């Protein structure tokens, strides 16, 4: 049984516990053990806190890494923002001199980080540890007819030099996953563009962020989709909550429901929509009716 | 060793050396060393009076060793050796101490330390010179023939230039016809003359020239030997058509039922499985493409054979090997086009109406797949708006940092052609800098401006495709206005860069050539020896050395021919006297030297019942690898003996 | 030409400040590409923010190269970048554009130029270890989904919160936030 230290971050446990539940359920099905990182904090948020003080960002990131190091485990997580911070911090802290400076501060709280903790996005765990064969074998409910707008988000792929998942221009892993569950990934304009939330723009310039979101949703709607699927909790929030905000401002009529990848996968694995938290999103899961799903069988 | 009479000459090199190093002090200190008869400093040692002074001293003061402390021996060692020889001294008794590149230039901010270092370097040369022995240059005859590799415009030019001088030329071309990229071009900038019209007469000249033997559809597999005496093995690939019988009538292709995307038209048009790449091909001989021929695939058809009136089809033809003996080699292998698919943001290979510049040439060419009508690949309609996207794969650290030199002018020319065919079309060129540096180029830029082509200073960020009409949306910043914009075009032409050919590495290892950081073959000196290579007798013509337009490729190819003609017309070459020699009594016959020699210059021979190594003098380059690898110290490097080098080291460490 | 931009004297000081400050985190040789910007506009042509805001990332890089400090630091545009990295990925000179944005923001923050809205997030963080609060509804949803009401983070472990606060008092971040919060 493969084990990971499960880094929760902020948005998933505090705003979208459904994603946390879905991820834990799905990983359990694949016999991937998620251990708690007791006392972890915000990653810290790369866009806001990284923009304020990169050195503080690095030391708080190192503290989170040190918790996993104590458990003797690599980290997995669900948010591209957390991934941006912790994966980048782990790369930066491979440098001895930088690690030394960080450890001088961690020493004050009787901690240290030795380096070498790997940070893996849930996408990587599904791809590398589980693999498409096992994924296929667990699909019990083909999501035939479901038209999906795949949204990749930015920070799983970029900067490509340190993420090393290949080119960021035309990624396919999410489309592949959508096909794997029997659904259709629908091409739409500006598929690779940011949701608008990152870089502290959602908190600092919310209208600018919503403008991104509106344009993306309009492009998705124009392509005729039933739902949005994303591998990032923060993008998930921006689309789910953002569309409601746009509707409330009178800028958007029809909202497109959003699923996190483990929610999509869980649905295809026959898990119940309630347990996957699909009803806890701001936008109701209208696609369930189309798929003829009322309740789960697990 | 009391007989050594050493003269030392310290060069100022203007202020290059004297501005940093205290040359007088160096001369004073060196004058006090044993065996040093005189030590002088002078403003320019390489000048006529400087050389005259050395010659005078050799005669008057009976010098038998000369040390020149100046620049790198790569610059002036031949100069001073020649001067010594003229004064009756064996040229190998001249030593150089490099106090410019290795001293004054790198220690410009520390003159005192530089002076100390200069003294040490010169003292080391003095110490070594005591061990120098007179050596002889070796003279070998030259085969008065040349091998030209590559049959594009550069290879054609080099071949004709050498053949016209009376030398035998073997021109080897990989594809079924000579002509290269130039044959694919429509009109050429800035004069707008038709590419084929100026190229094909030269191609015909090649086929008719009594001194040229053309080996098309052939590849160079191996080259041995040295300047004046190279041996090349060339593989003639089977055409499955007897070249001596084929008349080029084309009936076979007419009857061939198989259509294949044409390489010459970059897949925009088709050819048959038996084909000539283009109507003016030289040699005008058909070739069967084995991969696609029904006979080879399924053992059926044979239509070509049935209809060929001269009985030229020969399905049983085998590859043949030809061995050539030549005195000089010219590399004219040209370039490849950057694969714009690597810039995924531009959608090349995904969006049908995004094409590259060479594809545009085929579309605009009267003998091309659209008979010269520029039509959109997606729907065959004439474009009303065309965007030219510059610097795709050039000036880009994620692709190639260098400027490809031809794309600005090529796009200007193509923009002009669009305006000529569709005066109402909106044509925009997106650029970082317009680089129009050649003769008549800026004037052509001005002309195209006058024609109403729009110039937008901004490298394109990305291209989107409208799924319904397949029009393209370019996203860019007009940097001169600071305005972000999206603009729709019917067709986008990517000015893809020029890159080294994919098979450059193969030829590099066959000839042991050097390549620059850009991947192109490296010239011996960027300014003064631009067509020579690190291998004597091997020259570079055209874009194999770096991106070039036609005038520059032709100039370089002509220069390569004229450099290659030097040894060919001399009839003999002198080879370096510094080579390895084997002490056969010490040699254990372990053959390590044989395995490390890059030049195949070591052979084993029998000597009083045991195997010992021996040096093939004409092949030895004097690199010294065998000497340092020899476990029994039985190989001696003339001019660089262990004793000499240790004396040098000791001299450096003395102070 | 009194009081005009025409008389400004360029300087490398800001570029050097950005690079040396950034080098505490990123490799200096990466940041040195800042010198190489040729103002080609690929960044702006690729920028999803620039299409809806006044952000012209090329001009910001130019401003840094020229040393026009106020122009670079005292602008709202600085905070319109979503750090999507598209510019950095496509830059033909490999200028670390997005990283430079963050470094410049660090300088602006240190000088008290951060936005009030951002400080709310920072304040949440220094008070709880998270950027957003956990409300009662959230707890209820967690329980309904079979999760613990409070996640096992600094929210559940006060000693963990004390740890990060200690770190932030030592490295000065705590005071920067509180000072700016006024």
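Just so it is clear, none of the values below were taken in a lab; they were calculated from the coordinates. If you're wondering where the values come from, they're calculated on a predicted model, not measured in any experiment. All Cβ positions, even for glycine, are placed from backbone atoms using ideal geometry, and neighbour counts span all protein chains on display.
Some values worked out for this structure:
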item	result
Volume of the Cα convex hull of the protein assembly as shown, divided per residue and given in Å³	254 Å³
log10 of Debye I(q)/I(0), alpha-carbon scatterers only, for segment B:105-223 at 0.10, 0.15, 0.18 Å⁻¹	-0.57, -0.72, -0.95
Peptide C:31-40 - average C-beta neighbours from other chains (10 Å radius)	3
Calculated P(r) tail over 22 Å for segment B:176-299, as whole % of Cα pairs	47 percent
Inter-label distance, nm, simple model (7 Å from Cα along the C-beta direction), residue B:209/residue B:450	3.9 nm
Label-point separation in nm, residue B:512 to residue B:309, each point 7 Å along Cα→Cβ	5.4 nm
Projected label distance in nm at residue A:96 and residue B:109, using a 7 Å step from Cα toward the beta-carbon	2.7 nm
Inter-chain shielding of B:478-491 (mean C-beta neighbours from other protein chains, 10 Å cut-off)	3
Label-zone membership for segment A:265-288, site residue C:137, 7 angstrom Cα→C-beta point, backbone N under 18 Å	A:277-285
Average beta-carbon neighbours from other chains, 10 Å sphere, peptide A:165-171	4
Distance between segment B:378-404 and segment B:601-655 - C-alpha centres, whole angstrom	55 Å
Angle between chain B longest axis and helix B:153-164 axis [Cα atoms, degrees, rounded to 10]	60 degrees
Contour minus Cα-Cα distance for residue B:298 and residue B:3 (0.36 nm per residue)	97.8 nm
Mean Cβ neighbour count within 10 Å, used as a protection proxy, ranking B:146-154, B:24-32 highest first	B:146-154, B:24-32
Separation of alpha-carbon centers, segment A:268-293 and segment A:71-129, rounded to whole Å	34 Å
Exposure proxy order (Cβ contacts within 10 Å, fewest to most) of A:90, B:505	B:505, A:90
Per principal axis, descending, Cα span of segment C:5-110 in whole Å	33, 30, 28
Chain A, relative contact order [Cα under 8 Å, separation at least 6], %	20 percent
Residue-span extension gain [residue A:138 to residue A:253] - 0.36 nm each, minus C-alpha spacing	37.7 nm
Rounded tilt (10° steps) of C:13-22 against the dominant C-alpha axis of chain C	30 degrees
Tilt relative to chain B, helix B:195-208 - C-alpha long axis, 0 to 90 degrees, to 10	60 degrees
Footprinting exposure proxy for A:189, B:421, B:548 (fewest neighbouring C-beta atoms within 10 Å first)	B:421, A:189, B:548
Two-site FRET efficiency, residue B:366 against residue C:7, from Cβ-Cβ distance with R₀ of 51 Å, rounded to 0.05	0.30
Among C:133, C:149, C:48: highest mean-square fluctuation, GNM of chain C, C-alpha pairs under 10 Å	C:149
Globularity index of segment B:423-549, i.e. its alpha-carbon radius of gyration over 2.2 N^0.38 Å	1.47
Residue B:321/residue B:194 FRET efficiency (R0 41 Å; Cβ-Cβ; nearest 0.05)	0.60
Additional length obtainable on full extension of the chain from residue B:381 to residue B:140, 0.36 nm per residue less Cα span	80.3 nm
Virtual paramagnetic centre 7 Å along Cα→Cβ of residue B:632, amide N under 19 Å, in segment B:597-618	B:597, B:602-616
Fewest-first ranking of B:388, B:539, A:30, using other Cβ atoms within 10 Å as the exposure measure	A:30, B:388, B:539
